[in-house]
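Participant: Structure below; questions to follow.
The values are calculated or read from the model by the stated rules, or taken from the named source; none is laboratory data. Here the structure is a predicted model, which is why all the values come from computation and not from measurement. Note that each Cβ is placed from the backbone with ideal geometry, even for glycine, and that neighbours are counted across all protein chains shown.
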Amino acid sequence: MRIKRFFKKSLPGLIILFWLVMMGALINREVVSVRKASAYQPFLSRNRLLSDDWMGIYFNNAPIGFVHSSVEPVMIGKGLSGYRISNRTWMNFLLMQRRNKVWFNAEAIVDEDYQLQNFSFELNSGLHTLKVKGKMKGKQQLLLEIESPGRTTQKQITLPQDKGIVIANIISPFSSFGALKEGERYSIKVFNPFTLDLEPLDIAVGPKETMEFEGQPVEVFVVKSVYRGLEQKAWVNERGEILKQETGMGWVLIREEAGKVSRMYHNAEKTDVELAELVSVACNMPLAPESMTYMKLALSGIPEGFSLENQRQKIIANKDGKMILEINKDTIQPENALALPIEGMKEFLSADDFIQVFDAQIQRYSRDIVQGERNSFLAAKKINKWVFEHISKVAVVSVPSAVDVLKTREGDCNEHTALFTALARSAGIPARINVGLAYANGRFYYHAWPSVYVGRWVDMDPTFGQDIADAAHIRLIEGDLNKQLDVVRLLGKIKVEVIEYR
């Protein structure tokens, strides 16, 4: 019964954050000029270099936040001038009956040729913060500093030769740009501060159409863009102003006056808009997941590029866009598990920016929890039990970092899984992260859980306290944070039909 008891507080707030990031990465650059210009040049109009613009954010027609964007001239040193591009995004919504207030703050400094000089970005959702600072070194090196509650790290990335970049981090930093031309296509690289990597974005300027805006017909360009397989749409007037932006999932941004946004700010404080629907999928029959060892189901709405097969999950038919899957709960005899440490699986023992395997605190806790246990499965069980018992089940909007979770001692399935993975790898147990769906209370919810290699792969669930994950876990993605972002492509599209279970 643990699932029913804890699932409502273990939903992945990261799914909401992923959606925000994906929207931001698109909308930031959705309405570029299609002239062959680099970096920020397509986003800034020489006729309107001083601007101050506001957009309201709505979900299901209810206000849940706003975006404030501005562009102003600035001196950048030694007689050199440029522009400061600022953005403040605020959101207020319910996630599983818990109110979340999220701030995105970002600022970029560009020179007169619109080339990025430096930037700063901050995500703040209460106890959980992430700060990223970047500074150009020459024309091709970007120096990064990443700060979270648990630690500060540095990183350097190499940019494409002779091309600038723009920052994919906020909902809508640009509200004006150069001339658009129907039929043009544009492809650029954007820097995503959550993956700390460069990623492609494709934009197409469609034909003009007439839309109603503030009670008046307005002629606009329709601009579509694709990022990580997710499509977005924007309506742009002839002055280069974004009037409206939306996804196909009910999230809409509308250009508004500052006074109206101010009133909306107070209304959003009272809104009862619940985003939990975004992180769940209907189920056609009630299940008893805690006792399930087998499930057969039909999945539809899965785009290409998702690998659904693993040691417990097999595709037995695939026809007319519908896949038939069989899932069998893992089984293992503890005495058959490998002894620690397990060698030769570097990929699943390594650290990254958010799974800090070699952090001193992570290593100390891992040793204390395992207490010298050499049996890999029994050691993994100890880590699973510790994370389940010591991390509070709270839906949060954050980028899951193992060190941060160890400090805050709260989070949803993403935080539980990040910490478990770091502790397991630190103990010499190969571990990987799964993202998919898990059943609870009549629906399948987007969920994250780990697998460990102990002679064979075994799925565990530290959020539910399951040493072996039940058969009502459907894996859709396996991998690091960068790969996990692709789950946003499934929101509102995937359908599940359970055929049988036992």
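Participant: Taking the condition of being part of a loop (DSSP other than H, G, I, E, B) and over 14 Å from Asp353 (Cα atoms), how many residues in the stretch 399-413 meet it?
Facilitator: In the first step, residues of the stretch 399-413 are kept if they are part of a loop (DSSP other than H, G, I, E, B); the result is 399-401, 409, 412.
From what's left, over 14 Å from Asp353 (Cα atoms): 409, 412.
Final tally of qualifying residues: 2.
Participant: Could you list, in sequence order, the residues of the stretch 441-487 that are among the aromatic types (Phe, Trp, Tyr) and surrounded by fewer than 20 Cβ atoms within 10 Å (Cβ to Cβ)? First the steps, then the outcome.
Facilitator: We begin by selecting, within the stretch 441-487, every residue among the aromatic types (Phe, Trp, Tyr); these are 444-446, 449, 453, 457, 464.
Matches in the stretch 441-487: Trp457 only.
Participant: Show the residue pairs meeting these rules: Cβ distance below 6 Å; 6+ apart or different chains; first residue within the stretch 455-470 and in contact (Cβ under 8 Å) with a residue 24 or more places away in the chain; second residue among the hydrophobic types (A, V, I, L, M, F, W, C) and surrounded by fewer than 21 Cβ atoms within 10 Å (Cβ to Cβ).
Facilitator: Within 6 Å, the pairs are Gly455/Leu338; Val458/Ile332; Asp470/Met292.
Participant: Would you mind telling me which numbered condition in (1) surrounded by fewer than 23 Cβ atoms within 10 Å (Cβ to Cβ); (2) out of contact with any Ser or Thr (no Cβ under 9 Å at 6 or more places or on another chain); (3) closer than 30 Å to Ala288 by Cβ; (4) modelled with pLDDT of 50 or more Ile16 fails?
Facilitator: (1)
Participant: Does the stretch 87-102 contain any residue that is of a type outside the set (Gly, Ala, Ser), surrounded by 18 or more Cβ atoms within 10 Å (Cβ to Cβ) and more than 30 Å from Asp272 (Cβ to Cβ)?
Facilitator: No; the residues of the stretch 87-102 include none that is of a type outside the set (Gly, Ala, Ser), surrounded by 18 or more Cβ atoms within 10 Å (Cβ to Cβ) and more than 30 Å from Asp272 (Cβ to Cβ).
Participant: Here is a follow-up. Can you say whether Glu122 is of a type in the set (D, E, K, R) and within 23 Å of the chain's Cα centre (by Cα), as far as the supplied structure shows?
Facilitator: Working: of a type in the set (D, E, K, R): yes; within 23 Å of the chain's Cα centre (by Cα): yes.
Yes, satisfied.
Rundown of residues vs (1) surrounded by 12 or more Cβ atoms within 10 Å (Cβ to Cβ); (2) without any contact (Cβ under 8 Å) to a residue 24 or more places away in the chain; (3) β-branched (Val, Ile, Thr); (4) not assigned by TED's automatic domain parsing to the domain that holds Lys382, yes/no style:
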site: Trp251; (1), (2), (3), (4): yes, no, no, yes
site: Met285; (1), (2), (3), (4): no, no, no, no
site: Lys329; (1), (2), (3), (4): yes, no, no, no
site: Leu340; (1), (2), (3), (4): yes, no, no, no
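Participant: Confirm whether Glu415 is crowded, with 21+ Cβ neighbours inside 10 Å and under 16 Å from the mean Cα position of the chain (by Cα). Talk me through it step by step, then tell me what you get.
Facilitator: On the way: crowded, with 21+ Cβ neighbours inside 10 Å: yes; under 16 Å from the mean Cα position of the chain (by Cα): yes.
Considered against the rule, which asks whether it is crowded, with 21+ Cβ neighbours inside 10 Å and under 16 Å from the mean Cα position of the chain (by Cα), Glu415 comes out as yes.
This table checks each residue for (1) surrounded by fewer than 15 Cβ atoms within 10 Å (Cβ to Cβ); (2) assigned by TED's automatic domain parsing to the domain that holds Ser398; (3) of a type in the set (A, V, I, L, M, F, W, C); (4) modelled with pLDDT of 90 or more.
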| residue | (1), (2), (3), (4) |
| --- | --- |
| Val223 | no, no, yes, no |
| Leu230 | no, no, yes, no |
| Lys233 | no, no, no, no |
| Ala258 | yes, no, yes, no |
| Glu269 | yes, no, no, no |
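Participant: Cβ-Cβ distance below 9 Å, separation of 6 or more or different chains: which pairs start in the stretch 375-392 with a residue that is without any contact (Cβ under 8 Å) to a residue 24 or more places away in the chain and β-branched (Val, Ile, Thr) and end on one that is in a helix (DSSP H, G or I) and surrounded by 17 or more Cβ atoms within 10 Å (Cβ to Cβ)?
Facilitator: That search, which allows pairs on different chains as well, returns nothing.
Participant: Can you list residue pairs whose Cβ atoms sit under 6 Å apart, with the first residue in the stretch 290-308 being over 19 Å from Gly229 (Cα atoms) and the second being basic (Lys, Arg) and surrounded by fewer than 13 Cβ atoms within 10 Å (Cβ to Cβ)? Count only pairs 6 or more apart in sequence or on different chains.
Facilitator: Going by the 6 Å Cβ cut-off, the qualifying pairs are Tyr294/Arg502.
Participant: Just to verify a result, which residue in the stretch 103-134, among those that are part of a loop (DSSP other than H, G, I, E, B) and either touching a helix residue (DSSP H, G or I) at 6+ places or on another chain (Cβ under 8 Å) or among the hydroxyl-bearing types (Ser, Thr, Tyr) (or both), is surrounded by the most Cβ atoms within 10 Å (Cβ to Cβ)? Outline the logic, then answer.
Facilitator: So in the stretch 103-134, the residues part of a loop (DSSP other than H, G, I, E, B) come out as 112-115, 125-128.
Subset that is either touching a helix residue (DSSP H, G or I) at 6+ places or on another chain (Cβ under 8 Å) or among the hydroxyl-bearing types (Ser, Thr, Tyr) (or both): 113-114, 125, 127-128.
Details: Asp113: 12, Tyr114: 19, Ser125: 20, Leu127: 15, His128: 24.
So, considering only residues that are part of a loop (DSSP other than H, G, I, E, B) and either touching a helix residue (DSSP H, G or I) at 6+ places or on another chain (Cβ under 8 Å) or among the hydroxyl-bearing types (Ser, Thr, Tyr) (or both), the one surrounded by the most Cβ atoms within 10 Å (Cβ to Cβ) is His128.
Participant: Here is a further query. Would it be correct to say that Gly240 is more than 27 Å from the chain's Cα centre (by Cα), modelled with pLDDT under 80 and either of a type in the set (A, V, I, L, M) or outside any strand (DSSP E or B) (or both)?
Facilitator: On the way: more than 27 Å from the chain's Cα centre (by Cα): yes; modelled with pLDDT under 80: yes; either of a type in the set (A, V, I, L, M) or outside any strand (DSSP E or B) (or both): yes.
In short, yes.
Participant: Being under 30 Å from Trp90 (Cβ atoms) and touching a helix residue (DSSP H, G or I) at 6+ places or on another chain (Cβ under 6 Å): is that true of Ala448 here?
Facilitator: Yes.
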